[in-house]
Amino acid sequence: MTVTRVPESRTEFKLKNLPEDVISSVKFAPKSNQFLLVSSWDNSVRLYDVSSNVERHKYTHELPVLDVCFRDAVHSYSGGLDQIVKLYDLNASSETILGEHKGAVRCVEFASEVNAVLTGSWDGTVKMWDSRVPNCVGTYNQGNERVYTMNIVGEKFVVGTSGRKIFVWDVRNMGHVNQRRESSLKYQTRCIRVFPNKQGYVLSSIEGRVAVEYLDISPEVQKKKYAFKCHRIKDGGLEKIYPVNAISFHSVYNTFATGGSDGYVNIWDGFNKKRLCQFHRYNTAVSSLSFSYDGSALAIACSQLDETQVEDPKPEDTIYIRYVTDQETKPK
C-alpha cells in the first residue's frame, strides 16, 4: 500500500506513546471528548487524555486484549485472549477480576440501562456481570457460534456471530432472544453498530460491503433495508475488495463512519443512502473507530490486520484524533 504521510494539522493529530502491537479497540468516554481507552495485542489497556496528548494510565492482561469499554469516567472493563474479564479503577489504579469465559473474550460492552457489563466470547456465549462485584448474573448461548461483534444502545443489544447469525436482545429481559436473523451479507460479519435512535443497526463484512437493517419487522419498514459496496479500490482492470473492520455512529446526526483494510475512512448518511465524505488514506488498515459522545472528534486506529498482506517494513500502529466538521458529518 503506497500512502502519503499524513501531515499534522489542527484538525488531525497522532497520539503519543502508542501501543507496540495491533490496536484492537478505541472507545471514547461516555460524557467526554477528552478521554480515550485503547486495547491492544501488546497485552495493554491504555487511557489517553487526547486534549493534552498524554497517556494517563496503563494496565495489562496476560495475553492480547481484544476489547475495552468505559463504565463511567473512572472505571473500565476489558477482555481478551486470557479469557478473563477485568474491571479497572482508573483513580485508584486497582483491578478486579469479574470472572472468565471458556474462550477468548472478543467484545466488552457496558449496558447503562441495567448497570451491567456484557461480554461476548469465542466460547459461543454472552455473559452478563454485575458492574461492581465479581458476579456473573447470566450466561446466554449465541447459537454455539463465536461472538465476533456486538453493540448496545439503551435496551437494544445486537450480537453478530461467526456463522453470520444476528441475535437481537433486550438487556432488560435476557430470558429470551427477541429476534434471530441471518446476515443479509454473504460473507463473514466483521462489525455491528446500533443506530443511536435504536431503529436498526449497521453491519459490515469482510467483503467490502455494509448493510443497513431495521429492527421493526413490519413489511413496510423492512422494505427500507439495503446494502452497498464500499472500501474497494480499482487498480488497472482489477477491483481490490477489502474488509470493513470498523463502524462508529455520530450520536447527534445518526450518520456513521466506516473504516476498512484499504486504509480509508468514509462518512455515510444511512437514511439518505449517501456518502458524505472520505478522508485521506491512512498508513495501513483502519482497525477501530470511535466518535466522541458529542460527535466533535473521531478516534481512528490504524494497524496491519491482514497477515497475507505483510508490508515491509511493518507499518506503525497509530491512533489519529480527528476533529470533524458539520460539513463532514451532517446530512445534507
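The values are calculated or read from the model by the stated rules, or taken from the named source; none is laboratory data. Please read all numbers here as calculations on a predicted model, not as lab measurements. We place every Cβ from the backbone using ideal geometry, glycine too, and count neighbours over all the protein chains shown. Surface areas here come from the heavy atoms of the whole protein model, side chains and all, with no ligands, DNA or RNA. Shrake-Rupley method; radii C 1.70, N 1.55, O 1.52, S 1.80 Å.
Miscellaneous remarks
- Flag for N272 being within 26 Å of Q199 (Cα to Cα), in a loop (DSSP other than H, G, I, E, B), in contact (Cβ under 8 Å) with a residue 40 or more places away in the chain and of a type outside the set (K, R): yes
- Among residues of the range 262-272, those that are open to solvent by 10 Å² or more (accessible area, probe 1.4 Å) and touching a strand residue (DSSP E or B) at 6+ places or on another chain (Cβ under 8 Å), counted: 2
- If you go through the range 204-243 and keep only what is open to solvent by 50 Å² or more (accessible area, probe 1.4 Å) and of a type in the set (A, V, I, L, M, F, W, C), you end up with I206, I217, A227, L238, I241.
- Only one of E182, E95, E155 that is within 19 Å of L81 (Cβ to Cβ) and surrounded by fewer than 19 Cβ atoms within 10 Å (Cβ to Cβ): E95
- Yes/no for A301 being aliphatic (A, V, I, L, M), open to solvent by less than 30 Å² (accessible area, probe 1.4 Å) and closer than 14 Å to V244 by Cβ: no
- Once the range 244-256 is narrowed to residues that are hydroxyl-bearing (S, T, Y) and closer than 14 Å to R193 by Cα, the residue that is most open to solvent (accessible area, probe 1.4 Å) is S251.
- Test for R275: is it open to solvent by 30 Å² or more (accessible area, probe 1.4 Å) and under 16 Å from E12 (Cβ atoms): no
- As for the range 87-102, it holds no residue that is outside any strand (DSSP E or B), under 20 Å from the mean Cα position of the chain (by Cα) and within 22 Å of V38 (Cα to Cα).
- Which listed residue is surrounded by 21 or more Cβ atoms within 10 Å (Cβ to Cβ), closer than 21 Å to T125 by Cβ, out of contact with any helix residue (DSSP H, G or I) (no Cβ under 9 Å at 6 or more places or on another chain) and touching a residue at least 12 places away in the same chain (Cβ under 8 Å), from V26, V45, V65, V38: V65
- Residue among G295, G259 that alone is at positive phi, touching a residue at least 12 places away in the same chain (Cβ under 8 Å), buried (at least 17 other Cβ atoms within 10 Å of the Cβ) and under 21 Å from the mean Cα position of the chain (by Cα): G295
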